[in-house]
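Just below is one structure, and these are the notes that go with it.
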Amino acid sequence: MKKFLGILVTLVLLYILTSIIGDNFLSAYNQEQLLKRTALYGLLAIGVSFVIITGGIDLSIGSVVCLVGCGVPWLITQHQWPPVMAVIAAFLVAMMIGLWHGFLITKVKLQPFVVTLCGLLMYRGATRGFTEDKTQGFGITHSELRELATGKLQLTEQFGLPVPFLLLLIAGAFAWIFLNKTVWGRYLFALGNNEEAARLSGIHTDRMVTLSYVICSSLAALGGLLFILDGNSAQPSDFGNFYELYAIAAAVLGGCSLRGGSGTVIGVVIGAAVMQVLKNMINLADWLKSHLEFLVVGGVLLVAVIADELVKRRVRK
Amino acid sequence: MKIVIITAVFLGTFLFTGCGEKKDQPETYALVPPSVSNFWEICRKGGADAAVELGVEFEFVTPESITDQKVKVEDLLSKGVQGIAIAPGDPANQTGLINDVASRVPLVTVDTDAPESQRKVFIGIDNYEAGWLAGDLVREAAPEGGEVVIFIGNISQLNSRQRRQGLIDNLVGREKDSSRYDVPGEVVKGDRYSILDTLLDGVDAPKAKANAADALTKHQNLSVMVGLFDYNAGQILEELKQANKVGEIQIVSFDEHANTLAGIKEGSIYGTVVQNPYQYGYQAVKMLHRLSEGDHSAIPENGVIEIPARIIKKDHVEEFQRDLETKLAN
Amino acid sequence: MLTAHGIIKSFPGVMALKGVSLEVGRGEVVSLIGENGAGKSTLMKILSGIQNPDEGEVEMEGKSLSAASVTEAQTAGLALIHQELNLADNLSVGANIFLGREPCRFGWIDQKKIRQESAKYLSKVGLKVPPETLLSELSLGQQQLVEIAKALSTRAKIIIMDEPSSSLSQGEVEMLFEVIRELRKGGISVIYISHRLAEVQELSDRVVVFRDGENAGELGPEEMSHEAMVRLMVGRDVSQLYQRTAHDLGETALAVNGLRTQANPYEEVNLELRAGEIVGIAGLVGAGRSEVLEAIFGMTPAVAGKVHSELPKSPREAMAMGLAFVPEDRKAKGLILDLNVEQNTSLASLGENAKGPFVNRSHEVALCEEMTEALAIKTPGPWQKARFLSGGNQQKIILAKWLALSPSVLLLDEPTRGVDIGSKEEIYQLMEKFAREGMAILFVSSELEEIMGMADRVLVMREGRLNGALDRSQFSEQAIMDLATKTQS
């Protein structure tokens, strides 16, 4: 609890602040949007937090989102694949990407930053290649499939929980159990803290690191799928641009240290929510110009990280 | 335990959901273009002028990409605007989004249409026809024929793809068919003109300039370079000046970028096809206001308000520019 | 000339210095001795300005240095020569001597002056090499002399040498002593830190002994007997600290054949341990002792050789053979500092005790309780992060982690480095207990006292080779140092 108390307080305060300054903040429509966007980015953030816990980084998330987001409609509409097959193929490719990253990092001993930076360039490049740079989408077809992202679990007449948010809760629960209750979760924390000591304790560190990249890419694929099902239009040249940075920012806000070894799923999800509430605030507050969005988000992130560091330093003393 | 608390916090807030009621203030109408450029600046001016005339608020929101366009539109709905004009970047796939918006507030499309959707009105030109017009300019500029290279921001947007296709189809003398598509990079040959390549820059001006340079290096016998996004011709001209090839190779432009107009004035750009973005913005806000007041009489039968494209060449460029400046000044 | 008084310095989890004092006169060679973790190195870092004391006064010729920076300490005339030399291999001897203080003319480095000046200092330390020589061409002993020349060039009045002889051959040590005596004649003082009591006896005017961050006593030239020094260092008779009882040895527990490590691929190491036996490996720093343990445990797989019937390629494989390894650098390789005591204790046996993919929490809790009690681990609770425990307790957690797997062979690399005397005694008792219960223990140590006190048998390594073995009856500091520094015919 204490690990994410800070960010939880931040979220609650931001939430209250925004509901005061933004007229329509509490409208059902806006709350649904907020939950849906938190869910989409939250899934990516949970994925990257696995990698960050091992002390690694994955910069290719946005490009995997692009690959899946453009690839799935491309397979379905241009090549008439059954949707189920296309989705399975997307996840298989994402897992292969994770395995490939893991192989390069653990066996060839390349740095995660470099490996995934190349991935960032390659997967987007490949997507632009096979789609011939054309915008992908489902048009007005496949609305049943799109329910996965656009559907709602109606709670009241006006308000419903978006399906992606339910998916986030499920994925979050699995991630939480994995990290806190299983042997593998313990191994991830151990090796993120001290890979050499973990290896000396008989842990298959290489396999565990690879697993974290597979999880990260798979969740990026799930995110990419939901993004395209929701948005229905993906330009290969910029679909998912910078999403890895949003995911990393949410993970860091949620208490993951880029040095590895720490992080909580709940904190990361709250971190993703904070980013979305912030953006929402910028949108709703008329005196905040929307092109200042990056400035505000970056500034708040920096303040949060500084505060976190100061608190930790005090605890250490 | 922790999860229970979090869930409680989240769900607790929903109890207040729907409490925020809109306060009394003038109606707000918004216009969402697909990208940022001079062209849309002029359009914004038109919208703003209309809003002043009507005594309403006008908001102009620029997204970073087509994907972001959806986010921006949703943001506007969150804020509670009374009408939205959108220039859809990907109309085929944005039909759902447009319908969703149209079910909540009055909506018109500008510049690019989404004919399948439930939009009330489309205000703009036919991009295929406009591209065809640019083809006419090329024919005038290089009546002997020759090699042509096309420069464009992207062709993932339907309007830019059609614009390019209209140009190509005109030059190689095909029947008009706006659903045709030639893959960039493949040479399209007609009797007199052959289109060697289409270079994309992702709406990135420095990249556009580099593309022009690449084309000059690769193709030694170019007759005409056509820039189909507003900044393209200016970038091509810069490169031609540096390569000392002004006059040797003709430039045909699209839209009324300041550099384009300056180029036409000094004679280094042959001509440009202009739309009337000012009118797009102006008419869109006027239309949205009437719709929001419940006045549906202004909707034309076919749902299209066409604002025709024009050709601007050296002879009347100054007059055109003066007109533009007066519009932008106040 | 130099006085340090009432120096207190603490680090998270440890109080390294609890109010120590040290005085040095002009032209005096003072030896500072004490066991690992007694606080010698910390005091030296404080004197040379690398760290500042929490409390206490440092004065040099009447000027306070309590909050001095490295540069200020240097200007005052203090120079520290680290155990691992701080020289740039790729530069010339002259450039090294003036590194960071290059004499300049018109903004260019004055190479001529560097040559002339370095030659002067080099002759003072009796090193006959031209200043243009690349440092990497010199032997370790010669490099040490370059460090001293560098210290002299800063006009040092007191030179602190931290374990200067730990990687030198006998001849080089002689050369070093010659230089130190010359310095003393020239009025320059030396603080000499060493584990080699014989050297200390031969060289110093006075011996200061530290124990557990406190002054344990001082000895003048006449009182410097080996026994007296050890008694002050250990705080009691050695026989009390190292309690070994005779017991019968069992079958062969560890057989290493033809092991060639990556560090020394041309030397074969063969050794055998029987159940219940404790064997020590002695040798100079860099003799390849740790490398042998790391190869046996599969941490840095050997080039060739067999442990029992195969070559372990990873720690996992070695563990399957019943091996366990406590590394020298416990913070970097032994512990997960940010996991708690419980999680560190269960780490190695976690998979074995798991329920499906899930951690068996009840087993984990029980294991930690059992180990905390059995090894007398002092922690406020199982939730405490390993980072916040003292060195001795950290070391016990690593032992606990392995005991959970009931290994048949325990490999220990410097098991008591940085551990206070009380924990040291406990670790020795545990080693004795494990051996009595039939475990074979192979340990590397740089402390001759420890080696002679705990081992049934000592293997001495020199330059990657096992240079000889001694039985308990043959143990002496001289015999071990001879094997560590001289080639055996």
How many square angstrom of accessible surface are buried between A and B, both sides summed, with a 1.4 Å probe and rounding to 100?
3800 Å²
Modelled FRET efficiency - R0 30 Å, B:Val52 with B:Glu306, Cβ distances, 0.05 increments:
0.75
Modelled label-to-label distance, A:Leu17 and C:Lys63, 7 Å Cα→beta-carbon offset: nm?
5.2 nm
Per residue of B:95-102, how many C-beta atoms from partner chains lie within 10 Å of its own C-beta, taken as a mean?
3
Pick from B:Val224, B:Val56, B:Val252: which is most flexible by mean-square fluctuation in a GNM of chain B where alpha carbon atoms under 10 Å apart are linked?
B:Val56
Taking a ≥ b ≥ c as the square roots of the eigenvalues of the Cα gyration tensor of chain A, is the shape rounded (a/c under 1.5), prolate (a/b larger than b/c) or oblate?
oblate
Going by the alpha-carbon gyration tensor, a ≥ b ≥ c the square roots of its eigenvalues, is the stretch B:65-135 rounded (a/c under 1.5) or, if a/c is not under 1.5, prolate (a/b greater than b/c) versus oblate?
prolate
In what sequence, highest mean first, do C:36-45, A:38-47 appear when ranked by Cβ atoms within 10 angstrom?
A:38-47, C:36-45
At 20 °C and 1.002 mPa s, grab the translational diffusion coefficient of the protein assembly as shown from Stokes-Einstein with a Kirkwood Rh over Cα pairs, rounded to a whole number in µm² per second.
60 µm²/s
Scaled to the compact-protein estimate 2.2 N^0.38 Å, what is the alpha-carbon radius of gyration of chain B, rounded to two decimal places?
1.11
I'd like the mean, over residues of B:63-74, of how many other protein chain beta carbons sit within 10 Å of each residue's own Cβ.
5
Accessible area of the protein assembly as shown with a 1.4 Å probe: how many percent of it is carbon plus sulfur?
54 percent
By the mean-Cβ-within-10 Å protection proxy, highest first, B:43-52, A:229-238, A:272-281 rank as A:229-238, A:272-281, B:43-52
With a sphere of radius 12 Å drawn around the Cβ of B:Ala298, what net charge do the other residues whose Cβ falls strictly inside it have (Lys, Arg +1; Asp, Glu -1)?
0
Entries of C:Lys396/C:Lys424; C:Lys9/C:Lys401; C:Lys124/C:Lys185; B:Lys207/B:Lys241 with Cα pairs more than 19 Å apart
C:Lys9/C:Lys401
Assigned charges on the beta-carbon of Lys, Arg, Asp, Glu; the protein assembly as shown dipole about Cα centre (debye):
980 debye
With a Cα-only, solvent-free Debye model of chain C, what are the log10 I(q)/I(0) values at q = 0.06, 0.11, 0.12 Å⁻¹?
-0.30, -1.00, -1.15
Under the 7 Å Cα-to-Cβ spin-label approximation, C:Asn257 and A:Asp308 lie apart by a distance in nanometres of 5.5 nm
Leaving out ligands and nucleic acids, and using a 1.4 Å probe, what accessible area per residue does chain B come to in Å²?
41 Å²
15 Å beta-carbon shell around C:Gly438, net charge (K/R +1, D/E -1):
-3
Report, in order of residue number, the helices in chain C meeting two criteria: a C-alpha extent of 15 Å or more along the helix axis, and a mean Kyte-Doolittle hydropathy of at least 0.0; treat each whole DSSP H run as one helix.
C:140-153
Summed side-chain charge close to C:Ala76 - residues other than C:Ala76 whose Cβ falls under 13 Å, Lys, Arg +1, Asp, Glu -1:
0
Amide H partners (placed H, <5 Å) of B:Asp197, local residues excluded
B:Ile150
Sequence ranges B:184-190, A:112-118, ranked by mean other-Cβ count within 10 angstrom, highest first
A:112-118, B:184-190
Would you compute, from DSSP H runs of 4+ residues alone, the mean residue ellipticity of the protein assembly as shown at 222 nm, taking -39500 (n - 2.57) per run and dividing by the full residue count, rounded to the nearest 500?
-15000 deg cm²/dmol
Across C:349-355, the residue-averaged tally of Cβ atoms belonging to other chains within 10 Å stands at 4
Among the aspartates and glutamates, which fall within straight-line cross-link reach of C:Lys18, defined as a Cα-Cα distance under 14 Å, with same-chain neighbours fewer than 8 residues apart omitted?
C:Asp54, C:Glu55, C:Glu57, C:Asp212, C:Glu214, C:Asp420
Listed by chain and number, the residues whose amide H is under 5 Å from that of C:Glu214, excluding neighbours fewer than 5 places away on the same chain and using placed H, are C:Lys18
Please list, ordered by chain and number, the residues whose modelled amide H lies under 5 Å from the amide H of B:Glu27; skip anything fewer than 5 residues away on the same chain.
B:Glu57
Gyration tensor on Cα atoms of the stretch B:127-274, a ≥ b ≥ c root eigenvalues, a/c under 1.5 rounded, else prolate if a/b beats b/c, else oblate, says rounded
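The values are calculated or read from the model by the stated rules, or taken from the named source; none is laboratory data. Model, not experiment: these values are computed from the prediction. No Cβ is skipped: glycine too gets one built from the backbone with ideal geometry, and neighbour counts run over all protein chains shown. Calculation scope for accessible area: heavy atoms of the full protein, side chains included, ligands and nucleic acids excluded. Shrake-Rupley method; radii C 1.70, N 1.55, O 1.52, S 1.80 Å.
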